[in-house]
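Chemist: This is the structure, below, for whatever I ask next.
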Amino acid sequence: MSRHPLARLRNQANPRVPSEVQPAVGLPRTLSVILATALLAGCPASSEEVQPQRDQIDFPSGLALSPAQDLLFAVSANSNLRYSSGLVSVFDADLIDSLIDGWLDSGDPGPCQPDGTSPAVLACDESDAVLSDASVRIGNFATAIAVQTLDSGDLRLFVPVRGDPSVTWIDVDPSSGELSCGGSGSLPECDEAHRLTDLRGDASLGTVVDEPFGVFVDSQNHYALVSHLTRGAVSLIDTPGTGDPPVLTDAAGGLFASNGGSAGATGIAGRVPGSAADLIYVTSRSEARVQVLYVKRPDGGGLPFLVPADFFFLNMVQPSTDARGIAFSSDGGRAFIVNRQPPMLHVVDTSAGPTGVPRNVLVGAIELCDQPSNIALADTGSGPVAYVACFDAGQVWAIDPGTRAVKALIAVGRGPHALAVSPDRNRLYVGNFLDSTISVVDITPGAITENHVVLRLGRPVAGGKGE
């Protein structure tokens, strides 16, 4: 019999998590503010002193898994500007699993220890699972991360960075997890060549739209798309499978009407990634409408461009604005859209109609927690499950899309936002923005620990790490 403490929780509800404070917004976004503060204090900071810590998480805003599900990429946004830059880290999923297995099978904490407030959870320092030599520095206020598979099998990461603004791209050696983006030194900083800022590489043609936010990558069709929190815009990036540098090729603005002075595009996803003329769906925080686009490549070659295709309204409940994350079923027949006003999960029939065009008809809605922020879908063998991050509640809700029943309320930490799910490993990884931690949830069907956090990476610090 397992000696793991969660064995006692078989018939108990998840513990409640205290309400979090709102994340810092409107902070100054330049390093000069940090340096000026240090000078006023009479103690100038050296460049090394203000560098992020290579093996620590600081306001995680994005998570993504490699296609083999053996590497977990994490973005630290540096949202309190304690450090000179943000960070992209790489975690070894095998090492995380070995820590969990020792804990679940024999109660052995290894280098970690039981959590002081939740003894069933194994609390580990990030250094226990991070590939510290792989970390690279990026700009501040990064928001998300997505992975491209190149023709060679190597990987490439795309990270929207609000502080620059830019989209940073990073090459990955999948065998070692090593990141490369042109920098040098023990903790390299991505160079200018790895920051997409100018349209087609020419500033005279235009620069990247402010506030890059969401990102979607289609490895087979060789493009990436980025949503922007201002001007209701979407940017298109040509991503050659050959490994040649990506190119910012087009931007479509004014996709959504303004609400309170801001027209924001948020969630973005392809309906059937890899298919010919796939359709891209974009949600908005300013309008109760979903915009549909597709990517067109000129006959005979050339750089791709964006074409608006259609739109539909989220009008099951009025008003229904401030949509966030979006995810599709594996066959593209259903879209699931997280909405904040009111808090609900929209279920949209996106199956092909008689003419082959998606129906885009709202067929249901599920009431959610306050301030839902993101969604991930996975099927671990007992049917698909939608996992929704509840920023205010410190929870992830596990929802059965078929019955539309809430299966579990999973207490994960303060300010959960970033989600990555591994069906092969039966793991859900959750980036807790306000705790500066990553929680690992066991999603093994029928396990004693199903839908419980079994391991946490990082030590929660009130107000965010470093404060």
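Chemist: Just add up the charged neighbours of residue 305: K/R +1, D/E -1, any other residue whose Cβ is under 13 Å from the Cβ of residue 305. Before the final figure, lay out the partial values.
Modeler: Values: positive: 200, 296, 297; negative: 238, 250, 299.
Result for the neighbourhood of residue 305: 0.
Chemist: Can you give the Rg/Rh ratio of region 307-375, where Rg is from the C-alpha atoms and Rh is the Kirkwood radius?
Modeler: Numbers: Rg = 12.2 Å, Rh = 12.5 Å.
Ratio of gyration radius to Kirkwood radius for region 307-375: 0.98.
Chemist: Further, regarding this structure: Report the label-to-label distance for residue 68 and residue 349 in nanometres (one decimal), using points 7 Å from each Cα along the Cα→Cβ vector.
Modeler: The two pseudo-label positions are separated by 4.3 nm.
Chemist: What net charge do the residues around residue 192 carry, taking every other residue with its C-beta under 14 Å from that of residue 192, with Lys and Arg at +1 and Asp and Glu at -1?
Modeler: Values: positive: 137, 195; negative: 164, 189, 191, 198.
Summing Lys/Arg as +1 and Asp/Glu as -1 gives -2.
Chemist: Starting from the Cα of residue 94, step 7 Å along the direction of its Cβ; do the same at residue 316; then give the gap between the two resulting points in nm.
Modeler: Label-label distance for residue 94 and residue 316, simple model: 4.3 nm.
Chemist: Can you give the charge dipole size of region 355-440 about its Cα centre, rounded to the nearest 20 debye, using +1 on the beta carbon of Lys and Arg and -1 on the beta carbon of Asp and Glu? All intermediate terms of the calculation are to be shown ahead of the outcome.
Modeler: Numbers: 6 positive and 7 negative charges, 33 e Å.
Charge dipole, region 355-440, about its Cα centre: 160 debye, nearest 20.
Chemist: Carbon and sulfur atoms: what percent of the 1.4 Å accessible area of region 205-278 do they account for? Intermediate values should be presented prior to the final figure.
Modeler: Values: 1270 of 2460 Å².
Carbon and sulfur atoms account for 51 percent of the accessible area of region 205-278.
Chemist: Another question about this same structure. If packing is taken as the average number of other Cβ atoms within 10 Å across a peptide's residues, how do 78-87, 117-126, 427-436 rank, most packed first? Could the numbers behind the result be given before it?
Modeler: Numbers: 78-87: 22.3, 117-126: 19.5, 427-436: 27.1.
Listed from highest to lowest mean packing, they are 427-436, 78-87, 117-126.
Chemist: Let me ask something else about it. Towards the positive end of the charge dipole of the chain, with charges on Cβ (+1 Lys, Arg; -1 Asp, Glu), say which of 448, 274, 176 has the farthest Cα.
Modeler: 448
Chemist: Any idea what % of Cα-Cα pairs in region 174-252 are farther than 15 Å? Don't skip to the answer; put the middle values down first.
Modeler: On the way: 1946 of 3081 pairs.
Of the Cα pairs, 63 percent sit more than 15 Å apart.
Chemist: A follow-up question, please. Under 1.5 on a/c is rounded, so check that first for region 44-196, then, if it is not, pick prolate when a/b is larger than b/c and oblate when it is not; a ≥ b ≥ c are the square roots of the alpha carbon gyration tensor eigenvalues.
Modeler: It comes out oblate by the Cα gyration axes.
Chemist: With the Cα gyration tensor of the chain in hand, convert its eigenvalues to equivalent ellipsoid semi-axes via √(5λ) and list them largest first in whole Å. Show your work: numbers first, answer last.
Modeler: On the way: eigenvalues 201, 165, 92 Å².
Largest first, the chain gives 32, 29, 21 Å.
Chemist: Treating only the Cβ atoms of Lys and Arg (+1) and Asp and Glu (-1) as charged, compute the dipole magnitude of the chain about its Cα centre; round to the nearest 20 debye. Intermediate results must be reported in sequence, preceding the final value.
Modeler: Values: 30 positive and 51 negative charges, 315 e Å.
Around 1520 debye, computed over the chain.
Chemist: Please work out the Kirkwood hydrodynamic radius for region 222-288, using every pair of different C-alpha atoms, and report it in angstroms with one decimal place. Can you show the working numbers first?
Modeler: On the way: mean 1/r = 0.0786 Å⁻¹.
About 12.7 Å for region 222-288.
Chemist: Find the accessible area per residue for the chain; the probe is 1.4 Å, ligands and nucleic acids are left out, and the unit is Å². Write out the running numbers ahead of the final one.
Modeler: On the way: 18460 Å² over 467 residues.
About 40 Å² of surface per residue is accessible.
Chemist: Roughly how many percent of the accessible protein surface of region 324-446 is carbon and sulfur, given a 1.4 Å probe and a whole-percent answer? Walk me through the intermediate numbers first.
Modeler: Numbers: 1850 of 3860 Å².
Summing carbon and sulfur atoms, their accessible area is 48 percent of the total for region 324-446.
Chemist: Which residue, chosen from 68, 260, 56, occupies the Cα position most advanced towards the positive end of the dipole of the chain, where the dipole is computed from +1 (Lys, Arg) and -1 (Asp, Glu) charges on Cβ about the Cα centre?
Modeler: So the residue furthest toward the plus end is 260.
Chemist: At a threshold of 8 angstrom on Cα-Cα distance, excluding pairs fewer than six apart, so keeping six or more, what relative contact order does the chain reach in percent?
Modeler: Details: 1272 pairs, mean separation 57.3, N = 467.
It comes to 12 percent, rounded to a whole number.
Chemist: Could you work out the mean projected area of the convex hull around the alpha carbons of region 291-425, in square nanometres to one decimal?
Modeler: Working: hull surface 42.0 nm².
Average projection, Cα convex hull of region 291-425: 10.5 nm².
Chemist: Nearest 500 deg cm²/dmol is fine: what mean residue ellipticity at 222 nm does the chain get from its DSSP H runs of n ≥ 4 alone, each adding -39,500 (n - 2.57), divided by its residue count? All intermediate terms of the calculation are to be shown ahead of the outcome.
Modeler: Details: 2 runs with 24 residues, N = 467.
It comes out at -1500 deg cm²/dmol, rounded to the nearest 500.
Chemist: Starting from the Cα of residue 184, step 7 Å toward the Cβ, then list every residue of region 233-253 with an amide N under 13 Å from that point.
Modeler: Zone members listed by number: none at all.
Chemist: Ignoring ligands, DNA and RNA, please state the percent of accessible area on region 61-121 from carbon and sulfur, probe 1.4 Å. Show your work: numbers first, answer last.
Modeler: Details: 960 of 1980 Å².
Looking at region 61-121 in its full context, I get 48 percent from C and S.
The values are calculated or read from the model by the stated rules, or taken from the named source; none is laboratory data. What you are looking at is a predicted structure, and each value in this text was computed from that prediction instead of being measured. Virtual Cβ from ideal backbone geometry, glycine too; neighbours counted across all protein chains shown. Surface accessibility is based on the protein's heavy atoms, side chains included, excluding ligands, DNA and RNA. Shrake-Rupley method; radii C 1.70, N 1.55, O 1.52, S 1.80 Å.
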